Amino acid sequence: MRFKISILLFLLSVGTITAQMRKWTLEECVTFAVDNNLTIEQFELDLENARIDKSDALGNMLPNLNAQTSTSGSTGLILDPTTNGFVSATIFSASANVTSGVTLFDGLRNIHRINRAKLSEVSNQYRLNDLVDDIRLNVANNYLSVLSNKESLKVAKAQYAVTVEDLKRTKELVESGVVPRGDLLEVEATAATQEQTIINNQNLVLLSRIALAQLLQITDYENFDIADEDFNVPPSDILKYSPKVIFDKALSFRNDIKFSETGVDLAEKDLEIAKGAVFPTIGAFFNYNTRYSDQTRDPFTGEKIAFQDQLWINDGISYGAQMNIPIFNGFSTRNNIRRSQISVEQARLQLEQTKLDLETTINQAYVDVENTAKAYEASQKTLDARRLAYDYTKDRFEVGLMNAFDFSQAQSRVDNAEAEVIRNKYNYIFRIKVLEFFYGLPIVLN
């Protein structure tokens with residue numbers, strides 16, 4: 001029994017460790033962020049409210065139906081509700097009525113409200129989708145930041161390992177008298193500097209992981225990490241298209257543009273609703289009522305009339321139509337129309353501003369891709385040159401033709417060149433993804 005319990009506890013502990021060591025892919029991060037973002041949940045509630053508003057607008061087109069009933073008891077000289085005569089008695093009475101009303105015409109405002117409610121639902125959906133797009137980009141950017149910092153940490157550790165070997169070799173050279181002891185101190189200082197660089201890079205990895213976890217709204221930072229993937233610069237034909245072509249394509253599907261366009265449509269519907277207030281409102285109504293009194297008697301027999309019989313005897317129907325004609329209301333209708341006209345112009349200006357912002361962003365993204373491509377290519381060439389120079393200085397140092405300070409400077413230049421390649425690499429990847437995203441391509445790095 002103890003053996004079985006031990007095996008079970010071991011399996012549970014292994015399962016716990018496996019769950020804690022889960023490493024997230026980019027797709028998992030994006031999906032989780034979209035499914036758990038609080039702002040998205042708030043926008044989804046706004047979308048649900050818009051659907052309720054549409055239901056309200058549809059309901060306003062239908063007749064209303066209400067029922068009312070009341071009972072009362074009175075003692076003394078009172079008015080009998082069934083005979084309309086005064087009697088001195090104790091009376092128990094009851095009444096009931098059913099009323100229905102419908103708006104026949106209100107300047108077509110109900111129809112405009114239905115159309116507006118439909119547009120509002122679509123508008124809220126575009127706003128929600130636009131937020132999802134922004135979150136996807138932010139997650140991709142933070143994810144790449146973690147990858148970049150991790151790769152920089154790997155390079156720093158590899159550089160330190162090389163320096164450790166150089167340190168061993170320098171000790172041998174010092175003992176053999178090839179180089180002075182001061183050179184050994186210089187290499188030791190280089191190793192200490194690289195140790196500090198490793199610590200700094202470890203902190204950057206931790207901070208970038210925390211930033212990504214916060215974006216995903218994950219509080220367990222210690223057990224959160226991303227998958228160890230090696231992302232190469234993806235092949236892309238995006239630069240074959242001009243910024244104008246990318247902009248025109250973006251106008252056809254971008255949610256921020258669609259949201260601004262529906263903003264104009266909503267403002268125009270509000271204007272039509274405001275204009276409808278200048279027309280008469282026509283409505284119809286129908287009412288059925290009946291009543292009962294325990295003092296009501298048959299005029300021939302003098303017997304009290306039964307409750308159900310009185311409901312039929314005392315019932316009545318009323319119906320009719322009414323018209324409300326607006327003549328003067330303190331300029332409120334006219335002012336509301338004017339305000340709605342201004343709102344339409346504001347919505348149109350906002351749409352044009354959104355288009356202008358999008359065009360500016362795409363042009364900047366296009367330039368960023370070109371510049372980061374050149375920077376990445378230049379940094380690779382610089383790294384190759386620095387490595388050749390380092391190999392040359394290392395050979396000279398090992399035969400005593402170069403001091404340790406110049407040798408450490410050559411090594412430092414290689415370290416900086418490698419770090420620059422990593423920064424430019426992931427910056428270039430992200431810039432490509434951004435520009436492709438504006439063209440309608442999904443964010444898929446691998």
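The values are calculated or read from the model by the stated rules, or taken from the named source; none is laboratory data. Everything numeric in this text was worked out from a predicted model, so none of it was measured. Cβ coordinates were reconstructed from backbone atoms using ideal geometry, including for glycine residues, and neighbour counts include every protein chain displayed. In case anyone asks, the SASA skips ligands and DNA or RNA and just uses the protein heavy atoms, side chains included. Shrake-Rupley method; radii C 1.70, N 1.55, O 1.52, S 1.80 Å.
Heavy atoms of the protein chains alone define the surface here; on that basis segment 201-270 has 52 Å² accessible area per residue at 1.4 Å probe size.
Relative to the Cα centre, the charge distribution of the chain, modelled as +1 at Lys and Arg Cβ and -1 at Asp and Glu Cβ, gives a dipole magnitude of about 540 debye. Rounded to whole numbers, the Karplus 3J(HN,Hα) couplings from phi for segment 244-258 are 5, 5, 5, 5, 4, 5, 5, 4, 7, 9, 4, 5, 5, 5, 4 Hz, using 6.51 cos²θ - 1.76 cosθ + 1.60 with θ = phi - 60°, and x at Gly and Pro. Applied to segment 403-414, the Karplus parametrisation 6.51 cos²θ - 1.76 cosθ + 1.60 on θ = phi - 60° returns per-residue 3J(HN,Hα) values of 7, 5, 5, 5, 5, 5, 5, 5, 5, 5, 5, 5 Hz, with x for Gly and Pro.
With contacts taken as Cα pairs under 8 Å at a separation of at least 6 residues, the chain carries a relative contact order of 23 percent. Once the chain from T71 to K304 is taken as fully extended at 0.36 nm per residue, the excess over their C-alpha distance is 82.1 nm.
Spacing of the modelled spin labels on V245 and I111, each 7 Å from Cα toward Cβ, amounts to 4.6 nm. Non-local lysine pairs in segment 328-446, meaning eight or more places apart or on different chains, with alpha-carbon distances under 29 Å, amount to 9. Residue separation of D406 and F32 scaled by 0.36 nm, minus their Cα-Cα distance, works out to 129.6 nm of gained length.
Between the residues V146, L351, Q295, the greatest Cα displacement towards the positive end of the dipole of the chain, with unit charges on the Cβ of Lys, Arg, Asp and Glu, is found for Q295.
If R0 is taken as 22 Å, the Cβ-Cβ distance between R334 and T103 corresponds to a FRET efficiency of 0.45. Of the solvent-accessible surface of segment 359-446, computed with a 1.4 Å probe over protein heavy atoms with every protein chain present, carbon and sulfur atoms account for 50 percent.
Of the accessible area of segment 71-209, computed with a 1.4 Å probe over protein heavy atoms only, carbon and sulfur atoms account for 55 percent. Just check segment 305-446 against the gyration tensor rule for me: Cα atoms, a ≥ b ≥ c as the square roots of the eigenvalues, rounded for a/c under 1.5, and otherwise prolate or oblate depending on whether a/b exceeds b/c. Since a/c reaches 1.5 and a/b is larger than b/c, the shape of segment 305-446 is classed as prolate. Annotation: amide H of D225 within the under-5 Å range of W24, sequence separation 5 or more or interchain, hydrogens built in the peptide plane. Equivalent-ellipsoid semi-axes for the chain (Cα gyration tensor, √(5λ), whole Å, largest first): 82, 32, 16. Computed with a 1.4 Å probe over protein heavy atoms only, the accessible surface of segment 67-145 comes to 52 Å² per residue.
Each peptide in 93-100, 215-222 was scored by the mean count of other Cβ atoms within 10 Å over its residues; highest first, the order is 93-100, 215-222.
Estimated at 0.36 nm per residue, the fully extended path between N287 and I342 surpasses their Cα-Cα distance by 15.5 nm. Projecting the Cα atoms of I432, F307, I342 onto the dipole axis of segment 300-446, where Lys and Arg carry +1 and Asp and Glu carry -1 at the beta carbon, places I342 farthest toward the positive end. Extending 7 Å from the Cα toward the beta-carbon at both D133 and R22 defines two label points whose distance is 3.0 nm. Calculated accessible area for segment 381-446 comes out at 51 Å² per residue, all protein chains present (probe 1.4 Å; ligands, DNA, RNA ignored). Placing a label point 7 Å from the Cα of V178 along the Cα-to-Cβ direction, the residues of segment 379-413 whose backbone N falls under 20 Å from that point are 388-412.
Helical content alone sets the calculated 222 nm signal of the chain at -24000 deg cm²/dmol, taking -39,500 (n - 2.57) per DSSP H segment of four or more residues and averaging over every residue.
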